[in-house]
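Working notes for the structure below.
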Amino acid sequence: MKKFKGKNVIVTGAAQGVGKETSIMFLEEGANVLMADINNLKLDGIKTEISRYIDQVHLMKVDISKQEDISLMINEIINKWGSIDCVVNNASVSLTKNMMEITIDDWDKVLNINVKGTFFIMLKAAKEMIKAGNGGCIINISSIAGLNGRPLFLPYAASKAAVINFTKSAAIEFAKYNIRVNSVAPGTIDTLMWEYVYKNLSKINNSDEETIIKNWVDRIPLKRLAKPKDIANAILFLCSEEAEYITGQTINVCGGLSIV
């Protein structure tokens, strides 16, 4: 039997990388999935790939830095499928920059998406879960950068630390409604977002991208970059019945990078 048959799921940042992989895995397990992303072209580009799930999937352009977009997304899934069972707050933006060059605009962009956007999706989805009275599961994607800080990633690391912290607070507040809230903290992933990071790091360090990637991999105990499926596996586990006694936790999926 499919694990998520009849469950209704929101995944943000769903047009590529971890978000796309997570969405497809939920669809394979029988869920109805609202795949949200700011990039309409990339959403259009995955239509063929997910065509066999046409009755289970809804694609929607959403800018999570805008409150009106978040409200429209929540209303859309309620109108289409009646309830929300799981939310995967995956959408985020990275910033790679020397600390002395960081601007107010840099901070605003990162915090508006990574912190405020994630928080208000969690909050508005939880309100619907409470109204329905059936509990639910919320996964906020953080990062191991939020655990220890990271040079050249200051606003990003701070934003992910905030996600880890408010995940714990929300887990306590929502527990009485049987709404579980957890965080998944990836390390370095083989995705387009990380390709952008490598390019910036190569410019800052005056080095080639191959060297930058090799240096990252050499630091990882398991000696490889994460694949999107590695992160998606952890997300689906935390949303499953097998994890029904887990809440307020941050699961590091980083090949051991967080312990070295």
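Derivation of every value follows stated rules applied to the coordinates shown; laboratory data play no part. None of these values were measured; they are calculated from a predicted model. Cβ atoms come from the backbone with ideal geometry, glycine included; neighbour counts cover every protein chain shown.
Data table
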| quantity | calculated |
| --- | --- |
| Test item: Cα-centred dipole of the chain, Lys/Arg +1 and Asp/Glu -1 on Cβ, debye | 340 debye |
| The chain: most fluctuating residue of 146, 133, 13 per GNM, C-alpha cutoff 10 Å | 133 |
| Net +/- balance of residues flanking residue 112 in space, Cβ distance below 15 Å, scoring K and R +1, D and E -1 | -2 |
| Three principal axis lengths of the chain [C-alpha, angstrom, descending] | 53, 40, 35 |
| 11 Å beta-carbon shell around residue 78, net charge (K/R +1, D/E -1) | +2 |
| Relative contact order of the chain, pairs being alpha-carbon contacts under 8 Å that are 6 or more residues apart, as % | 19 percent |
| Lys/Arg +1, Asp/Glu -1 at C-beta; the chain dipole; positive extreme among 67, 260, 114 | 260 |
| With Cα atoms, 0 to 90° folded angle of helix 118-132 axis to the chain main axis | 10 degrees |
| Fluctuation leader among 212, 144, 113 - the chain, Gaussian network, Cα springs under 10 angstrom | 212 |
| Relative contact order (%) - criterion: Cα under 8 Å, at least six apart; region: region 76-207 | 29 percent |
| Cα-based convex hull volume of region 141-207 per residue, rounded to whole Å³ | 82 Å³ |
| Extension gain, residue 204 back to residue 241 (0.36 nm per residue minus Cα-Cα distance, nm) | 8.8 nm |
| Using alpha-carbon coordinates, inclination of helix 228-239 to the longest axis of the chain, degrees | 40 degrees |
| Extreme residue, positive dipole direction of the chain, given options 153, 221, 54 (C-beta unit charges) | 221 |
| Rh (Kirkwood; distinct C-alpha pairs) - region 1-100, Å | 13.8 Å |
| Interchain or long-range residues, amide H under 5 Å from residue 251's placed H | 183, 184, 185 |
| 10 °C / 1.306 mPa s Stokes-Einstein diffusion coefficient of region 68-182, Kirkwood radius on C-alpha pairs, µm²/s | 107 µm²/s |
| Gyration tensor (alpha-carbon) shape descriptor, region 37-95, a/c threshold 1.5 | oblate |
| Euclidean distance of C-alpha centroids, region 1-73 and region 112-128, integer Å | 17 Å |
| Mean separation of Cα contacts under 8 Å, 6 or more apart, over the residue count of region 30-129: relative contact order % | 29 percent |
| Note, ³J(HN,Hα) from phi for region 104-111, Karplus 6.51, -1.76, 1.60, rounded to Hz, x at Gly and Pro | 4, 4, 4, 4, 4, 4, 5, 5 |
| CD proxy at 222 nm, helix term only [per DSSP H run n ≥ 4: -39500 (n - 2.57); per residue of the chain; nearest 500] | -13500 deg cm²/dmol |
| Principal-axis tilt of helix 192-204 within the chain, Cα atoms, nearest 10 degrees | 20 degrees |
| Local net charge near residue 168, Cβ-Cβ under 15 Å (Lys/Arg +1, Asp/Glu -1) | +1 |
